[in-house]
Amino acid sequence: MSSTTTYLVRPATLRDAKQIAELHNATVRDAFKTTLATDTPLPAVPLDKRQAYWREAIEYSEPQVHVAVDEDKIVGFVGFDRSRDKGTPQTMGEIWALYVANSHWGKGVGLALWDAAREGLQEEGCSHVSVWVPITNDRAVRFFELAGLKREMASAKTVAIGGMKVEEIRLKRPL
């Protein structure tokens, strides 16, 4: 498959929640392999808990969820909505999550999901977008920088993810 392949991106349905949860668990482990400074693996969130989260997100559109499909298989997803950061204007959107199956990294899935999220946020009246990314996740930082988001160095913070401390940074751009 070439990098010019086009993927169907559509709003997620409740029936997609299990595949999204499975993909989320698998890709989080892959994405965080290079992020964690220790050899201790990131504990997986139980599938039923992750599936319940995504079912609720899909049902209530908080965040809105879109999936990328390749031959009837979900190969990526994005969650987006208004920013969760305190004090941000209603016109600030946020990418809450963007994950792609590692088998499809570098093949245009992330770009297709980014385009769908950007369009969805614009439809919601957002004029800017932000995303929080682990500072050491070079692949994610590079992806969002190529999409035009700029690092806000003063935003760096430490968060707990799976019982581990991770340094995150916010990236922003106008839509």
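The values are calculated or read from the model by the stated rules, or taken from the named source; none is laboratory data. Model, not experiment: these values are computed from the prediction. A quick note on method: Cβ atoms are made from the backbone with ideal geometry, for glycine too, and the neighbour counts reach across all protein chains shown.
Working carefully through the options 132, 114, find the one that is over 22 Å from residue 6 (Cα atoms) and among the aromatic types (Phe, Trp, Tyr). Result of the check over 132, 114: 132.
The set of residues from region 135-155 being part of a strand (DSSP E or B), modelled with pLDDT under 95 and either over 17 Å from residue 84 (Cβ atoms) or aromatic (Phe, Trp, Tyr) (or both) comprises 153, 154. Got at least one residue in region 118-127 being at pLDDT 95 or above and either aliphatic (A, V, I, L, M) or closer than 19 Å to residue 27 by Cβ (or both)? Checked against the condition, which is being at pLDDT 95 or above and either aliphatic (A, V, I, L, M) or closer than 19 Å to residue 27 by Cβ (or both), region 118-127 yields at least one hit. The set of residues in region 113-134 being outside any strand (DSSP E or B), surrounded by 17 or more Cβ atoms within 10 Å (Cβ to Cβ) and free of Cβ contacts under 8 Å to residues at least 60 places away in the same chain consists of 114, 117, 118, 120, 121, 126. Remark: pairs (first residue in region 151-169, surrounded by 10 or more Cβ atoms within 10 Å (Cβ to Cβ); second residue of a type in the set (Phe, Trp, Tyr); Cβ separation under 6 Å; 6+ apart in sequence or on different chains) = 168/132.
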